[in-house]
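Novice: Sharing a structure with you now.
The values are calculated or read from the model by the stated rules, or taken from the named source; none is laboratory data. Everything numeric here is computed off the predicted structure, so don't read it as measured data. Cβ placement follows ideal geometry from the backbone for every residue including glycine, while neighbour counts extend to all protein chains displayed. We work out accessible area using only protein heavy atoms, side chains counted, and drop any ligands, DNA or RNA first. Shrake-Rupley method; radii C 1.70, N 1.55, O 1.52, S 1.80 Å.
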Amino acid sequence: MQLFAYNQVGQTDELVIWVGVLGISDPPPVSFSIAGGDAVIPKDTGASFEPLGDGSALNHRAIFVFDWPDTPERFPIEVACGDAKVHLTSKRPPRLLPVLGETSFNLLLLSCYYQPNDKTARNVAWLIRQLKPAADFTFLAGDQVYLDLPLLQDLPKEKTKLAQILGKKYLTNWFSAQLSQPGLANLLTHGPAMCIPDDHEYWNNYPYYQLQLNNTHSTNDRENWRDVATLLYQRYQMAPAQNNGFFRMDIAPLYMLFVDGRSVRDDADDHMFNAASINALTQWTDELLARKAANMSAVGLLSSGQAFLMEKADAWRRRLVDAEMPNYKDFETLKTALTKLINAGIPVIYLTGDVHWGRIVEGRNKTGEVMFCEIIASPARLIDSIGQDQLNFVNNKLRKIFDATKPFPYHTDPPDEVPDMKLANLDFSIKHKQSGDHVAMLRFNQIPGGVSLAVDYYCTDPDTQKRTMYSKTVAPIKIVSLN
């Protein structure tokens, strides 16, 4: 039997532990020791194991909820099931951001992790474990798995067989430490951690059919794949606190909203979000406005899976390559909410991944204050692109003749310009561009009127020299609600 556990996000008073077991039809009872104390009993003593959704009767998961221990420091958690044990650590998110000059609140942002290309000893999880300061909260912003890769895989159409093939990709990432290979396990064991999905939790440009993926050509095949992928996402990644499609976490003056903008997308360019998420967006907006009206500093933080500052994809690209958020009608709902906040003097930070390059864009009002800041970190480990990779290899060899080789020849370069998007009459400029494999650590502190933010971009390339050369700190970014 293989055992893995990690600390998912929960409601304010909940310590949530996901426990998964492989290779046993009837999992034995699970016991827990938290913060070095005696065994503790979960709040819901009726929590039970259910199948992981991979077509196997031998693989299960269960969710257990506890009270947080009475300590502001990081603490150990021991999870035991039968003869197997795993060890985690966690730290309760604070209710208030620490003031500048104290220890910061550290949010780790990463996305687009392709495990087959993470085979060296200095793998992504190992590198992240070396970072100082360590993350207080880990946010995986989509494409934690690539169910549609490798590109030419021969996927079965029958649901159980499809679940077995796709489920192995989750199993490889989540149980990687137990299987003695790189993956997400050694990253997730230092919680709390949360995940939101993007298209590769399903397939590229989900829910549109893709010419290169035979299993998406018919309505029935797409529905089968959707059903299998949805269950796997729900059983592995989605915490109970995300059941309605969103998650709220407030660390005053920072009000944070994370929204699933992928799972309920339609293929008619109408909606990305469910009704509960739209209501959550409205409530988040109203609470920020109320806080500002009460003469308290207020800063919003939002993520919904894809980049905000992107051009609308044309008809060809929208269907066959990748639709962007502006292609959907309810993107206007999102823009309207942000415009309302910015016009009221409430700045917004937007976090995402998806695009296979990193970037920080600032949007300033006419008096020069930063009122919008988009921060992108992608990829943690780049996928293979058949044909394009070979072309890039040849092109880089030719560049060598002119001593102009690219340090990351397989990666897309960040664009040099920001799309001409109208948002509360802000002027946008690029503050930083990041190429190559990387993650970002966001360090937040409270300052009068708002927050001070430092962004550490860490190159995760296996090459030590590249990691040194292409890791960079962008600071300070002062984001203050106007008086």
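Novice: For the stretch 189-287, what is the Kirkwood estimate of the hydrodynamic radius, computed as the reciprocal of the mean inverse distance between distinct Cα atoms, to one decimal in Å?
Specialist: Computed over Cα pairs of the stretch 189-287, the Kirkwood hydrodynamic radius comes out at 14.9 Å.
Novice: Work out, in µm²/s and without decimals, the Stokes-Einstein translational diffusion coefficient of the stretch 98-151 at 25 °C, 0.890 mPa s, Rh from Kirkwood over C-alpha pairs.
Specialist: Values: Rh = 13.2 Å.
Roughly 185 µm²/s, to the nearest whole number.
Novice: How much accessible area per residue does the chain have, in Å², with a 1.4 Å probe?
Specialist: Result: 41 Å² of accessible area for each residue.
Novice: Hey, what's the Kirkwood Rh for the stretch 213-264 if you take every pair of different alpha carbons, in angstrom?
Specialist: Computed over Cα pairs of the stretch 213-264, the Kirkwood hydrodynamic radius comes out at 13.0 Å.
Novice: Test of the criteria: in the stretch 359-430, which GluC sites (Glu not before Pro) are in a DSSP loop and have at most 14 other Cβ atoms within 10 angstrom of their Cβ?
Specialist: Passing both the DSSP loop test and the Cβ count: Glu417.
Novice: If you build the Cα gyration tensor of the stretch 122-166 and take the root of 5 times each eigenvalue, what three semi-axes come out, in whole angstrom, biggest first?
Specialist: Rounded to whole Å, the semi-axes are 33, 12, 9.
Novice: Separate question: Once you have the alpha carbon radius of gyration of the stretch 1-69, what is it after dividing by 2.2 N^0.38 Å, with N set to its residue count?
Specialist: Numbers: Rg = 12.6 Å, N = 69, 2.2 N^0.38 = 11.0 Å.
This ratio for the stretch 1-69 stands at 1.14.
Novice: So, in Å, what gap is there between the alpha-carbon centers of the stretch 186-253 and the stretch 40-102?
Specialist: Each part reduced to its Cα centre gives a spacing of 21 Å.
Novice: Using only C-alpha atoms and all pairs of different ones, pull out the Kirkwood radius for the stretch 318-379 in Å with one decimal.
Specialist: Taking the inverse mean of 1/r over all distinct Cα pairs, the stretch 318-379 comes out at 13.2 Å.
Novice: Using +1 at the Cβ of each Lys and Arg and -1 at the Cβ of each Asp and Glu in the chain, identify which of Phe402, Phe139, His438 lies farthest towards the dipole's positive end.
Specialist: It is Phe402.
Novice: Please report, largest first and rounded to whole Å, the three semi-axes of the ellipsoid equivalent to the chain, where each semi-axis is the square root of five times an eigenvalue of the C-alpha gyration tensor. Don't skip to the answer; put the middle values down first.
Specialist: Numbers: eigenvalues 203, 171, 109 Å².
Semi-axes (√(5λ), whole Å): 32, 29, 23.
Novice: For every other residue with a beta carbon closer than 13 angstrom to the beta carbon of Leu281, add +1 if it is Lys or Arg and -1 if Asp or Glu, then tell me the sum.
Specialist: -2
Novice: Return an integer: the convex hull volume of the alpha-carbon atoms of the stretch 268-389, in Å³ per residue.
Specialist: So the per-residue Cα hull volume is 131 Å³.
Novice: Could you tell me what percent of the DSSP beta bridges with both partners in the chain are antiparallel, to the nearest 5?
Specialist: Working: 71 of 97 bridges.
Percent antiparallel among DSSP bridges in the chain is about 75.
Novice: What's log10 of I(q)/I(0) for the stretch 1-149 at q = 0.18 Å⁻¹, Debye sum over Cα points only, no solvent?
Specialist: Here log10 of I(q) over I(0) equals -1.30.
Novice: Kindly give the semi-axes, whole Å and largest first, of the ellipsoid equivalent to the stretch 58-215, taking each as the square root of 5 times a Cα gyration tensor eigenvalue.
Specialist: Working through the eigenvalues yields semi-axes of 32, 19, 15 Å.
Novice: Under unit Cβ charges (Lys, Arg +1; Asp, Glu -1), what dipole magnitude, rounded to 20 debye, does the stretch 245-347 have relative to its Cα centre?
Specialist: On the way: 12 positive and 14 negative charges, 49 e Å.
For this selection, approximately 240 debye.
Novice: About the Cα centre of the chain, what is the dipole size in debye to 20, counting +1 per Lys and Arg Cβ and -1 per Asp and Glu Cβ, all else neutral?
Specialist: Value, rounded to 20: 980 debye.
Novice: Separate question: How about Lys466: which lysines have a C-alpha closer than 23 Å to its C-alpha, ignoring those fewer than 8 places off in the same chain?
Specialist: Reachable lysines: Lys119, Lys132, Lys397, Lys400, Lys406, Lys431, Lys433.
Novice: While we're on this one: How big, on average over all directions, is the shadow cast by the Cα convex hull of the stretch 359-421, in nm²?
Specialist: On the way: hull surface 26.3 nm².
Average of the hull's projected areas for the stretch 359-421 equals 6.6 nm².
Novice: First check a/c for the stretch 73-126, with a ≥ b ≥ c the square roots of the eigenvalues of its C-alpha gyration tensor; if it is under 1.5, answer rounded, and if not, answer prolate when a/b is larger than b/c or oblate otherwise. Let's see the in-between values first.
Specialist: Numbers: a/c = 2.96, a/b = 1.25, b/c = 2.37.
Oblate.
Novice: So what's the Cα pair-distance distribution over the stretch 379-483, bin width 10 Å, in %?
Specialist: Final binned percentages: 12, 30, 33, 17, 7, 1.
Novice: With r defined as the distance between the Cβ atoms of Ser429 and Lys478 and R0 fixed at 25 Å, what FRET efficiency is calculated, to the nearest 0.05?
Specialist: That gives a FRET efficiency of 0.95.
Novice: Loop only by DSSP, 16 or fewer other Cβ within 10 Å of the Cβ. Give me the trypsin sites (Lys or Arg not before Pro) in the stretch 406-437 that pass, ordered by residue number.
Specialist: Answer in residue order: Lys422.
Novice: To continue, here is another question. The stretch 307-415: which trypsin sites (Lys or Arg not before Pro) are DSSP loop and have at most 13 other beta-carbon atoms within 10 angstrom?
Specialist: Lys329, Lys366
Novice: Using the Cα centre as the reference, give the magnitude of the dipole from point charges on the C-beta atoms of the stretch 1-82 (Lys, Arg: +1; Asp, Glu: -1; all else neutral), rounded to the nearest 20 debye. Mind showing how you got there, number by number?
Specialist: Details: 3 positive and 11 negative charges, 45 e Å.
I would put it at about 220 debye.
Novice: Follow-up. Using a cut-off of 17 Å between alpha-carbon atoms, which lysines can reach Lys329, once sequence neighbours fewer than 8 places away in the same chain are excluded?
Specialist: Here the lysines satisfying the reach criterion relative to Lys329 are Lys312, Lys422.
Novice: If I take the Cα coordinates of the stretch 324-440 and project them onto the principal axes, what are the three extents in Å, biggest first?
Specialist: Result, largest extent first: 54, 30, 24 Å.
Novice: Let me ask something else. The stretch 351-392: D in µm²/s via Stokes-Einstein (Kirkwood Rh, Cα pairs, 37 °C, 0.692 mPa s)?
Specialist: Answer from the Stokes-Einstein relation: 262 µm²/s.
Novice: Okay, moving on. For the chain, what is the calculated [θ] at 222 nm in deg cm²/dmol (nearest 500), taking -39500 (n - 2.57) for each run of four or more DSSP H residues and dividing by its residue count?
Specialist: -6500 deg cm²/dmol
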